[in-house]
Amino acid sequence: MTNWWLVLVVVPLVQSAHVAKLNMVQSEGNYSQQTTFWFNQTTEHVLVFPTSDSIYPYRIKAWSTNAKIKTPVLVVVRQEREVLSWQIPFVVDSSNKQDVVHFHNTSRTLCHNHMPEITKTNTHSRLMMKDLSQNFIVALSTSSAINIDITIVVEEEKNFYLTEAQEYSVSVSPSEPKYYYYKFFNDTKSTSAIIEIVSDDDICLTVSIQDSYCPVFDLDRDIKYEGKYQTINRKGGMSIRKREYPDGFFLVFVAKADNYQCSQENSVLPRETKSTIITSSNRTSTIRFTINKGINGKDYGIASLATVGAIGVFYIFAIIMVFAFTRWGTISNFVKTRIKDEHDSSLFFDDEIVPEPVISEEDRKELLKKERLTVNLLAKAPTKDRRRAYNYLWHILSIAIFYSIPVVQLVITYQRVVNRTGDQDMCYYNFLCANPAFGLSDFNHIFSNVGYVFMGILFLGAVLHRHAKIPSNCTGVPVHYGVYYAMGIALTIEGLLSACYHICPSQSNYQFDTSFMYVMAVLCMIKLYQNRHPDVNATAYATFTVLGMAIFLAMVGILNGSLTVWIVFVVIYSLLCAYISFKIYFISFVFVGFKQLKKSFRSSEDKVEAIAPVKKSRFILLIVANLANYAMLITGLCLYNSGVTDFGTFLLGVLMGNSVLHAIFYTGMKLVHGERICFEAIVYGLLGIVAWAGAGVFFLDNATLWTVTPAESRQWNQECILMNFYDKHDVWHLVSAPALYLTFMYLLCLDDDLVETKREEITVF
C-alpha cells in the first residue's frame, strides 16, 4: 500500500517538472508565406492565423529534412469545429508489414468552417456570400532532444470548387491527399454526373466520393469509412446521382504506399505472375479528371422506350415473316393439304402408351453393315422419340427454376453490400457508362438483356405456331418440337441470368452469364443430330449430366486455372470426343459395333480391309471434326497462356465452335446429297450472319475484363455510344438477341424442303 501512495505522489511531481521546462512560443501566421522553425522537445511553436473571409478552404504544407520516425514533428491544427493532426515523417502502411514507408513532405486540406452554409447555396455566385470567416491555430511540437527543422506554408485551395466539363490536373501522394467539392445546382437540368479520371503512371490510387460534411476522410487508412470508393491506376470513372448527394459531394484522391491493391497479387483469382510489388518513397501520381454532365430521367425514358420500340418493330417483321412463309412459302402447299390425325390433335405430349417395335441386336448389326442409311430406319419409335424430345423441355424448366433462385438471391445480396459499403471494387462495371436506377448500380447493362427474353418468347411463339400447322407426321424429317421449346426457354433464361450477372459482374459469378449459353450451344447440336437420328439421339438425362460436368469444369477452371486443371480437362475432353465419335460412327451401338469389328478382324484374312471403315464419308467427317476440336484446344491453351482468354470463355468458345461446325456440316451435307436449302432458311441464315457479324464487332471490343483486378479492368472502360445510355457491350446484347432468334429460326426451317418427302428417300448423315 505504501508503494502505491509513493507512485501517486511522485508521478505528478515528475510531470509538473517536465511541463515546466516546455517553452511555448506563439506567433502570428501569414498566409502564402513560407516559415521555417528549428526546435526540440523544449519548445512548442503555436501559429495563430488571422481571420479570413475567403470562400476557399486552406491547404497546409509542412515538410522536414531531418525529422525521425521515432521522434517525429507533430502538426496539430485547431479549427472552430474540429481538430486535424498528423506527423512528419508521415508513416503509411504497406502491403508488406515489414516495410515502413514514410514521407517527409506532407500537405492537408482544411475543411471550410462554413461548409454547411456553402452546401446550401443554390447558385454559382459563391462570391456574393457573406460571413464565411475562417480562423485556425497550428501547433508544432516534437519529442526530439536535438534540434530539427520544420517548414510550413498555408495557401488557399483555389480549384476547390469544381465545375462541369473542365479538366483538372492534380498531384497526389500518400502523404499529400487532395479533395474537392462539387455541387449539383438547380440551374442545370442534369440529375447525375460522370467523373472521368486518367493517369499516366501505374501508381495505385483510391478515389472516394463522400458526403459534403466535415471531417473528410482523406487518408489511406480511413478513406473507406465513408461514401463510395474504388481503386484505380491508369483510368477510372464514377457515376453519381444527384438524389444521393443533394448538397454536393467531396471528391477525394489518395495514393497508396504500393501497388498491391491494384495488382494480380490482390486478385480473388490471381494468375501465376512474378511479384511486381515495389515499395518506394516516390509515390507521387499526377492525375487528370473531368466531371461531365450525366443523363436525367428523360434520357432514361427515351432509351428504354426506344429499346422496347425497336423490339416491337422486330416483333412485327418477325411475325409477318412467319405467317407469310407459312402461307406462301415452302411448306404452304403441305399446310393447305394436311389433315391432322386425331392422335396428333394435342400440341403437347400426352401419356398414352403406344406399343412400338424394339431394335433387336440383329437389326443393329444390319444397320452397321449398311453404307447408306435412310431416316425411316432410325425413326421407328415416334412416340418414344417424342417423349425424349419433351424431356428436354421439362428438364430445362426444372433446371432453370432451381438454378435461377440462388443466383437472384446472391446477386441482390452483392448489390446491397455495394450500396451499403460503397465498395466499388466488388463489381466489374463499365464505370464510364454505368447508369444507376432502382437501386441498381448498372441499370443499362441489366435492361439491355431484355432482348433475350423477348426473343425467347418470340421463338416459342413461332414454334407453337408451326407445331399447330405441322404436327408430327410420317413424311419429312422427324421434328419433335420438344427440343425447340427447350431452345426457346434457354434463350429466355439466358436473358434473365445475364441480367442477374450484370447486377454485379465479378470473378466469382461469371458462370451465371454463360451456363445457359452452354445449354443453347449443346441443344443446337442435339437438334441437328436428332433430325436424322431420332431413335438414337442422346437423352435429356445424359445431355444435362454432361452439361453439368462442363459447368463444374468451368467453375474449377475459373477458380484455379493452373496447368494441372488444363491437363485434366484436355484428357477428359479427348476421351469424350473419342466416345462421341464412336457413338456417331456406330449409330449409338458402340459395343455391338466393336464386337462386329472384332469378329470381322479375326475371321478375315485381309486385316486392313477388315478394319477399313464401312461408312467412309462419316469416318472422314469425324476425323475432320476431331482435328478441328484439337485445333481449338491448342488455340485455347495458347490464348490462355498469353492472357487473352480465361477457362470459362474458352470452354464456351469450344461448345459454340462445335455448334457452328455442326450447322455448317449439316448444311453442306444437304447440298452434297442433292437436297436444297429452302428460301426461308436462306433468308433467316443471311439475316443471322449479318446480325452475328455486327454483334461480334461489339463483343470483341471489351469495356471490362473480370479476369484482372478491378483497377486493371477500369483501364478498359469506355464511354456510352448509343443514346448516351448504352455502351458496346449493351449493343452486343441488343444485337445478339435477334441474331440468336434468327439462328434458331434457320434451324427450324432448314429441312422444310423435305416436309413432303418420304423418309425412305431421306439420307442419314
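Of all the numbered requirements in (1) crowded, with 18+ Cβ neighbours inside 10 Å; (2) touching a Phe, Trp or Tyr at 6+ places or on another chain (Cβ under 9 Å); (3) part of a strand (DSSP E or B), residue 86 misses one, and that requirement is (2). For the stretch 414-443, residues that are among the hydroxyl-bearing types (Ser, Thr, Tyr) and under 23 Å from residue 190 (Cβ atoms) total 2. Here residue 582 fulfils each of the conditions (1) surrounded by 20 or more Cβ atoms within 10 Å (Cβ to Cβ); (2) farther than 19 Å from residue 651 by Cα; (3) not assigned by TED's automatic domain parsing to the domain that holds residue 737 apart from (1).
Tell me, yes or no, whether the stretch 742-762 has at least one residue that is modelled with pLDDT of 95 or more, within 26 Å of residue 324 (Cα to Cα), surrounded by fewer than 21 Cβ atoms within 10 Å (Cβ to Cβ) and not polar (S, T, N, Q). Taking every residue of the stretch 742-762 in turn, none turns out to be modelled with pLDDT of 95 or more, within 26 Å of residue 324 (Cα to Cα), surrounded by fewer than 21 Cβ atoms within 10 Å (Cβ to Cβ) and not polar (S, T, N, Q).
Take the residues in the stretch 281-318 that are without any contact (Cβ under 8 Å) to a residue 24 or more places away in the chain and not charged (D, E, K, R), then tell me which one is nearest to residue 93 (Cα to Cα). Among them, the one singled out is 282. Can you find even one residue in the stretch 243-257 that is assigned to a helix (DSSP H, G or I), over 27 Å from the mean Cα position of the chain (by Cα) and at pLDDT 90 or above? No: the stretch 243-257 contains no residue that is assigned to a helix (DSSP H, G or I), over 27 Å from the mean Cα position of the chain (by Cα) and at pLDDT 90 or above. In the stretch 98-112, the residue that is modelled with the highest pLDDT out of those that are of a type in the set (A, V, I, L, M, F, W, C) and part of a strand (DSSP E or B) is 103. For first residues located in the stretch 109-138 and of a type in the set (Gly, Ala, Ser), partners that are at pLDDT 85 or above and not in a helix (DSSP H, G or I) and lie 6+ apart or on another chain with Cβ distances below 6 Å form the pairs 133/51; 133/53.
Flag: residue 388 matches the condition of being under 22 Å from residue 524 (Cβ atoms) and charged (D, E, K, R). Scanning the stretch 316-334 for residues that are among the hydrophobic types (A, V, I, L, M, F, W, C), out of contact with any strand residue (DSSP E or B) (no Cβ under 9 Å at 6 or more places or on another chain) and part of a helix (DSSP H, G or I) turns up 316, 317, 318, 319, 320, 321, 322, 323, 324, 325, 328. With surrounded by fewer than 18 Cβ atoms within 10 Å (Cβ to Cβ) and either over 29 Å from residue 745 (Cα atoms) or in the same structural domain as residue 745 (by TED's automatic domain parsing) (or both) as the only criterion, which of 539, 543 stands out? After applying the criteria, what remains is 539. Across the stretch 713-754, the number of residues qualifying as in contact with a Gly (Cβ under 8 Å, 6 or more places away or on another chain) and in a loop (DSSP other than H, G, I, E, B) comes to 2. One residue alone among 249, 217 is under 22 Å from residue 56 (Cα atoms), in contact with a Ser or Thr (Cβ under 8 Å, 6 or more places away or on another chain) and surrounded by fewer than 22 Cβ atoms within 10 Å (Cβ to Cβ), and that residue is 217.
Here is a yes/no grid of residues against (1) surrounded by fewer than 17 Cβ atoms within 10 Å (Cβ to Cβ); (2) basic (Lys, Arg); (3) in contact with a strand residue (DSSP E or B) (Cβ under 7 Å, 6 or more places away or on another chain):
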| position | (1), (2), (3) |
| --- | --- |
| 676 | yes, yes, no |
| 692 | no, no, no |
| 696 | yes, no, no |
| 702 | yes, no, no |
| 721 | yes, no, no |
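Give 681, 695, 711 a once-over and let me know the one that is without any contact (Cβ under 8 Å) to a residue 60 or more places away in the chain and either under 19 Å from residue 646 (Cα atoms) or of a type in the set (A, V, I, L, M, F, W, C) (or both). After ruling out the rest, the residue left standing is 695.
The values are calculated or read from the model by the stated rules, or taken from the named source; none is laboratory data. No experiment lies behind these values; they were computed from the predicted model shown. When we count neighbours, we look across all protein chains shown, and the Cβ atoms used for this are built from the backbone with ideal geometry, even at glycine.
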